[in-house]
Amino acid sequence: MADEIKTVAIVGAGQMGAGIAHVCALAGYDVILHDISPDRLQAGLATLEGTLARQRSSGRISEEERQAALARVRPAKGVEGLAPADLLIEAATEDEAVKRKVFAEVCPILDPEAMIATNTSSISITRLAAATDRAERFIGMHFMNPVPVMELAELVRGIATEDSTFEEAKRFVTSLGKKIAVAEDFPAFMVNRILMPMINEAIYTLYEGVGNVEAIDTAMRLGAHHPMGPLQLADFIGLDTCLSIMQMLYEGLADSKYRPCPLLVKYVEAGWLGRKAGRGFYDYRSDEPVPTR
């Protein structure tokens, strides 16, 4: 465990927040999980419990480790329940206005020396840090999805992030068993700067009729040895998140090559957001996913 951090608070109990809570608890940190939606908070705790159970059944962790991790996680009783945190990780939806609102609520509650990290996958760390009262204690800590499985976390400094904050964040992420890739504060950083345009191009390939959903995903799985086709991956990530990142790239870099595919926009407008909505490039409402185009 990082010497300076004992208690980690996580805001946002969705797929990412629950996954971050999972790895923090297994690493020995006390975890406080918060979400504005009580239903989402309960779902996040259930997800964490289910993932730990699967790890136990597969032999990756012992029963003692599973029980100890569960005992370290507790739901926050309102925003005030986040006060004991030495580190707060924001894992709310990929919307700058939402994240700014989170920081406005939590900063007055936290200890002045507490570190704040954001799990944003695309938004400027410098800009988000300016929305807090501690830009020097603010850093980007972008975990990959699913967090308990993926080995990488991107660390991104804002212009005001102090060296001590950066070093503390590196020790913390390493203590979770993750490898670190340090990225500069540019739109979408490294992973999504490369990944999202590939997904967007796959959607253009579908939009222009070059291939159907099944053909495109099969081509990339077998032809490029990707573990998951780009359209299936887009559904897994969430099409709204994909669109948000592409818009961030398009606006932040002012280059037409990042223009979101109109078909991606149409799916998001229709509420076809991928697996979490039951429908995206595949229809998940039956036992087996069925391509929608």
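If the condition is being touching a Gly at 6+ places or on another chain (Cβ under 8 Å) and either polar (S, T, N, Q) or part of a loop (DSSP other than H, G, I, E, B) (or both), then the range 17-32 contributes only Ala27.
Would you check if Met144 is closer than 30 Å to Arg60 by Cβ, free of Cβ contacts under 8 Å to residues at least 40 places away in the same chain and under 15 Å from the mean Cα position of the chain (by Cα)?
Details: closer than 30 Å to Arg60 by Cβ: yes; free of Cβ contacts under 8 Å to residues at least 40 places away in the same chain: no; under 15 Å from the mean Cα position of the chain (by Cα): yes.
The answer is no for Met144.
Within the option set Gly280, Gly229, being touching a Gly at 6+ places or on another chain (Cβ under 6 Å) and either hydroxyl-bearing (Ser, Thr, Tyr) or surrounded by 13 or more Cβ atoms within 10 Å (Cβ to Cβ) (or both) holds for one residue only, Gly280. So which of Ala13, Ala2 is in a loop (DSSP other than H, G, I, E, B), at pLDDT below 95 and crowded, with 16+ Cβ neighbours inside 10 Å? Being in a loop (DSSP other than H, G, I, E, B), at pLDDT below 95 and crowded, with 16+ Cβ neighbours inside 10 Å holds for just one of Ala13, Ala2, which is Ala2.
Put simply, of Ala183, Ala224, Ala153 the only residue that is surrounded by 20 or more Cβ atoms within 10 Å (Cβ to Cβ) and among the hydrophobic types (A, V, I, L, M, F, W, C) is Ala153.
Applying the condition of being closer than 24 Å to Ile125 by Cβ and in contact with a helix residue (DSSP H, G or I) (Cβ under 6 Å, 6 or more places away or on another chain) to the range 249-265 and asking which residue is surrounded by the fewest Cβ atoms within 10 Å (Cβ to Cβ) yields Tyr250.
Note on the range 9-49: residues that are of a type in the set (Val, Ile, Thr) and within 16 Å of the chain's Cα centre (by Cα) total 5.
Given the range 33-120, what strands (runs of 3 or more DSSP E) lie entirely inside it while holding 2 or more residues that are closer than 30 Å to Met248 by Cα, hydrophobic (A, V, I, L, M, F, W, C) and assigned by TED's automatic domain parsing to the domain that holds Glu136? It would help to see each step written out before you state the result.
Numbers: elements: 73-75, 87-90, 115-118.
Correct list: 87-90, 115-118.
For the range 268-291, state whether one or more residues are under 12 Å from Ile199 (Cα atoms) and of a type outside the set (A, V, I, L, M, F, W, C). So far as the range 268-291 goes, no, none of its residues is under 12 Å from Ile199 (Cα atoms) and of a type outside the set (A, V, I, L, M, F, W, C). Only a single item in (1) under 23 Å from Thr161 (Cβ atoms); (2) surrounded by 20 or more Cβ atoms within 10 Å (Cβ to Cβ); (3) at pLDDT 95 or above is not met by Ala104, and it is number (2). Of all residues in the range 28-77, those satisfying the criterion of being touching a residue at least 40 places away in the same chain (Cβ under 8 Å), crowded, with 19+ Cβ neighbours inside 10 Å and touching a Leu at 6+ places or on another chain (Cβ under 8 Å) are Ile32, Leu33, His34, Ala69, Val73, Ala76. None of Glu167, Glu162, Glu80 is charged (D, E, K, R), surrounded by 15 or more Cβ atoms within 10 Å (Cβ to Cβ) and at pLDDT 95 or above except Glu162.
Within the range 191-223, the set of residues being more than 25 Å from the chain's Cα centre (by Cα) and either under 22 Å from Met16 (Cα atoms) or without any contact (Cβ under 8 Å) to a residue 12 or more places away in the chain (or both) comprises Thr205, Glu208, Gly209, Val210, Gly211, Ala215, Thr218, Ala219, Leu222, Gly223.
Listed by position, the helices (runs of 4 or more DSSP H) inside the range 163-257 whose residues that are of a type outside the set (D, E, K, R) and not assigned by TED's automatic domain parsing to the domain that holds Leu128 number at least 1 are 191-207, 213-223, 230-237, 239-253.
Return yes when Gly28 is within 23 Å of Ala117 (Cα to Cα), of a type in the set (Gly, Ala, Ser) and in contact with a Pro (Cβ under 8 Å, 6 or more places away or on another chain) and no when it is not. It is false that Gly28 is within 23 Å of Ala117 (Cα to Cα), of a type in the set (Gly, Ala, Ser) and in contact with a Pro (Cβ under 8 Å, 6 or more places away or on another chain).
The values are calculated or read from the model by the stated rules, or taken from the named source; none is laboratory data. Bear in mind that the values here come from a model prediction, so they are computed numbers and not experimental data. Backbone-built Cβ (ideal geometry, glycine too); neighbour counts: all protein chains shown.
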